[in-house]
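Step one of this worksheet: look at the structure below.
Derivation of every value follows stated rules applied to the coordinates shown; laboratory data play no part. Everything quoted here is computed from the prediction, not taken from an experiment. Note that we place each Cβ from the backbone using ideal geometry, even for glycine, and neighbour counts take in every protein chain shown.
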Amino acid sequence: MSELTRIFAANEIEGAPTPFTLPRMSEEHTSRDWNYHPDLPLQDSSIFRWPPDGRFLANWFAKNWLTLSERVMMVILAVVLYFTVYPSLDVAKTWAFGWVLQTWVVNMVMMFTIAGGLHWFFYMKKGQGKKLRFSHRDLLRNNRKFDFDDQVKDNMFWSMGSGVAQLTAYQVVTMWLMANGYIPTITLASNPIWFVLWLMLLPVWSAFHFYWVHRLLHVPFFYTRWHCLHHRNIDLGPWSGFSMHPVEHLMYLTTLMVHWVVASHPIHVIFHVIYQGPGAAMTHTGYEDLLVKDKRRLALGTFYHTLHHRYFECNYGNQEMPWDRWFGTFHDGSEEATKVTRDRKKRMYS
Ligand SMILES: [Zn+2]
Ligand SMILES: [Zn+2]
């Protein structure tokens, strides 16, 4: 057994549920491995599913864009921040410490409020108890795997340190390029249709980009040096999402460079910044949905990516995109898929 296989194996054992938290097996959507899981096996919910299913696509569109979804909220936030606290394009024309610092402060406050707010609600106030929480286990303390021996402190350090700094760096460079006319820039008045369409395409682009960067990060050379930091988190909390090694931040955030070639408005850039940074906190909450009066009001974490954190070499992308299914790395939550994934991992590290 190589050193790496040992690390993985140890992680998986740690990831197993403790005997104290075993649920009653008769309960639906709960098992020895999961406090909560959605209907299994996971279905193919890719928007590129073939043949195209009009009703499915209409539902997907309505769920994401015609309700107060995570994405709609992020667009609203982007518009509000653009008009209130972020420096304007005029200011960004010439480099100055002031507006760069201003952008960084806004991003720090935003990250702290969103990740911190979710953490406070789910893990301090325990506002939803364990309802819809995937894992049986609490976030880890007194564990040497993490910096400061504490999962939350470790995750906060990497998210707020390297994470927000690099997010800001990509953002201010893009703003400066836009302000000086070095890259194509539009307004709502000049290109109204593209303006709206591009907002809706950005998450699709981001998912496409993420899949490939993430696959690269799972090449053993990259994984053992950098990506393993994000994978300290077997069980997830909001702060886990953007907790990455600086080299991973640098690679993960290259998604923002799309604005250097595709005509955009600063609101697109801000939406994209929110989607990559605080958005990662939302997808790693550890819970599937936010419940309000026992009704699912906001989709948060996905079981799909939770499986990736538990079993590593599967589900590199997200469920909307077909890549994992096309390239045979899809884990549908079944025991057979776990076995296939473990075999793949063994092959990669033997
Ligand atoms: Zn990974
Ligand atoms: Zn993750």
**OP:** Starting at the first residue of segment 175-188, write each ³J(HN,Hα) from the Karplus equation 6.51 cos²θ - 1.76 cosθ + 1.60 with θ = phi - 60°, in whole Hz, x for Gly and Pro.
**Re:** 4, 5, 4, 5, 4, 9, x, 7, 10, x, 10, 10, 10, 4
Subject >> Per residue convex hull volume, Cα atoms of segment 63-191, in Å³ >> reply: 162
Original post:
So how far, in whole Å, is the C-alpha centre of segment 157-172 from the one of segment 52-93?
Top reply: 21
**OP:** Arrange the following residues from fewest to most other Cβ atoms within 10 Å of their Cβ: CYS228, CYS314.
**Re:** CYS228, CYS314
Original post:
So how many Lys-Lys pairs in the chain land under 17 Å Cα to Cα, not counting same-chain pairs under 8 apart?
Top reply: 9
Subject >> Mean separation of Cα contacts under 8 Å (6+ apart) over length of segment 3-349, as relative contact order % >> reply: 23
**OP:** Based on a Kirkwood Rh over C-alpha pairs, give the Stokes-Einstein translational diffusion coefficient of the chain at 20 °C and viscosity 1.002 mPa s in µm²/s.
**Re:** 101
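Mind sorting ASP39, ASP147 by how few other Cβ atoms lie within 10 Å of their own Cβ, fewest first?
ASP39, ASP147
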**OP:** Rank these for me by crowding, ILE183, ILE234, going from fewest to most other beta carbons within 10 Å.
**Re:** ILE183, ILE234
Original post:
How would you order 186-196, 257-267 from highest to lowest mean count of nearby Cβ atoms within 10 Å?
Top reply: 257-267, 186-196
Original post:
If one takes the longest principal axis of the Cα atoms in the chain, at what angle in degrees, from 0 to 90 and to the nearest 10, does the Cα axis of helix 3-15 lie?
Top reply: 80
**OP:** Using a Förster distance of 56 angstrom, determine the FRET efficiency expected from the C-beta separation of GLU336 and THR94, and round it to 0.05.
**Re:** 0.40
